[in-house]
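S.K.: Here it is, the structure, as structure tokens.
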Amino acid sequence: MANHSQLGFQDASSPIMEELVEFHDHALMVALAICSLVLYLLTLMLMGKLSSNTVDAQEIELIWTILPAVVLVLLALPSLQILYMMDEIDEPDLTLKAIGHQWYWTYEYTDFKDLSFDSYMTPTTDLPQGHFRLLEVDHRIVVPMESPIRMIITADDVLHSWAVPTLGVKTDAIPGRLNQTSFITTRPGVFYGQCSEICGANHSFMPIVVESTPLKHFEDWTSLLSS
């Protein structure tokens, strides 16, 4: 959950988000090194004497040609690694289907007791004390902790986007098409997200709430919901 005046990312709750945060820090340090070098060279040029003599400096030309290529490789390799990790879906323990509507979500646990329900934003007048306004829903998604979860995402009317920042998940919901993504929650908790596509007038009123619980609690929840 984001806090007021927060400058960084939300706390990572999945391995993918941990990798994304590390890559962000890595790219930021590379950018800081480049900016520091350029600032240092500009300072030397401004503080030194101006000279109109041209110097044949093939070594410098070679350096400023090779150095940017090395920097790009240092950024591309970890980026490609994370990209393949995000697309890898290997034997999930549970498959959920999310269907975007104007303006709510429908979830189906198709391979686990055939559960399905609609998830609407909780109105401010009905919001329990301590819950977050415009982010809480009447029916949360409950998933088992430390289990691979596959999300199949589509839409019924217009474009939507299923996004939970702390899990590192953001996938478009397109009518007539099934997109998929996966995540693993590394700790118990409640994680909030929203539709990240401008889907209409009530676009900002399509919150997503994922509750991660131990397997025993998840089984109790499914038994209670199906009874």
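The values are calculated or read from the model by the stated rules, or taken from the named source; none is laboratory data. Predicted model only: the values in this text are computed from it and were never measured. All Cβ positions, even for glycine, are placed from backbone atoms using ideal geometry, and neighbour counts span all protein chains on display. For the accessible areas, the whole protein counts, side chains as well, though only heavy atoms, and no ligand, DNA or RNA atoms are used. Shrake-Rupley method; radii C 1.70, N 1.55, O 1.52, S 1.80 Å.
S.K.: Quick check: anything in region 68-82 open to solvent by 100 Å² or more (accessible area, probe 1.4 Å), over 19 Å from the mean Cα position of the chain (by Cα) and of a type outside the set (Asp, Glu)?
M.R.: Yes, region 68-82 contains a residue that is open to solvent by 100 Å² or more (accessible area, probe 1.4 Å), over 19 Å from the mean Cα position of the chain (by Cα) and of a type outside the set (Asp, Glu).
S.K.: Looking at region 30-46, can you tell me whether even one residue there is closer than 30 Å to THR222 by Cα and loosely packed, with under 15 Cβ neighbours inside 10 Å?
M.R.: No; the residues of region 30-46 include none that is closer than 30 Å to THR222 by Cα and loosely packed, with under 15 Cβ neighbours inside 10 Å.
S.K.: Collect the residues in region 8-25 that are surrounded by fewer than 14 Cβ atoms within 10 Å (Cβ to Cβ) and in a helix (DSSP H, G or I), keeping them in residue-number order.
M.R.: GLU22, HIS24, ASP25
S.K.: If I filter region 163-178 down to residues being of a type in the set (Gly, Ala, Ser) and part of a loop (DSSP other than H, G, I, E, B), which single residue comes out as surrounded by the fewest Cβ atoms within 10 Å (Cβ to Cβ)?
M.R.: The residue in question is GLY176.
S.K.: Just give me the residues in region 108-138 being touching a Lys or Arg at 6+ places or on another chain (Cβ under 7 Å) and either exposed (fewer than 14 other Cβ atoms within 10 Å of the Cβ) or in contact (Cβ under 8 Å) with a residue 12 or more places away in the chain (or both), in sequence order.
M.R.: Listed by number, the residues that qualify are GLU108, THR110, THR124.
S.K.: Looking only at region 179-201, filter to residues that are open to solvent by 60 Å² or more (accessible area, probe 1.4 Å) and not charged (D, E, K, R); which one of those is nearest to HIS131 (Cα to Cα)?
M.R.: Applying the first criterion (open to solvent by 60 Å² or more (accessible area, probe 1.4 Å)) to region 179-201 yields 180, 184, 187-188, 194, 198, 201.
In the following step, the residues that additionally are not charged (D, E, K, R) were identified as 180, 184, 188, 194, 198, 201.
Details: GLN180: 30, ILE184: 24, PRO188: 17, GLN194: 16, ILE198: 25, ALA201: 24 Å.
The extreme case among them is GLN194.
S.K.: Further question: Can you pull out the residues in region 143-162 that are surrounded by fewer than 19 Cβ atoms within 10 Å (Cβ to Cβ) and either under 20 Å from PHE205 (Cα atoms) or among the basic types (Lys, Arg) (or both)?
M.R.: ARG150, ASP156, ASP157, VAL158, LEU159
S.K.: Looking at the structure I just gave you, is GLU219 open to solvent by 20 Å² or more (accessible area, probe 1.4 Å), farther than 25 Å from LEU20 by Cβ and of a type in the set (Asp, Glu)?
M.R.: Considered against the rule, which asks whether it is open to solvent by 20 Å² or more (accessible area, probe 1.4 Å), farther than 25 Å from LEU20 by Cβ and of a type in the set (Asp, Glu), GLU219 comes out as yes.
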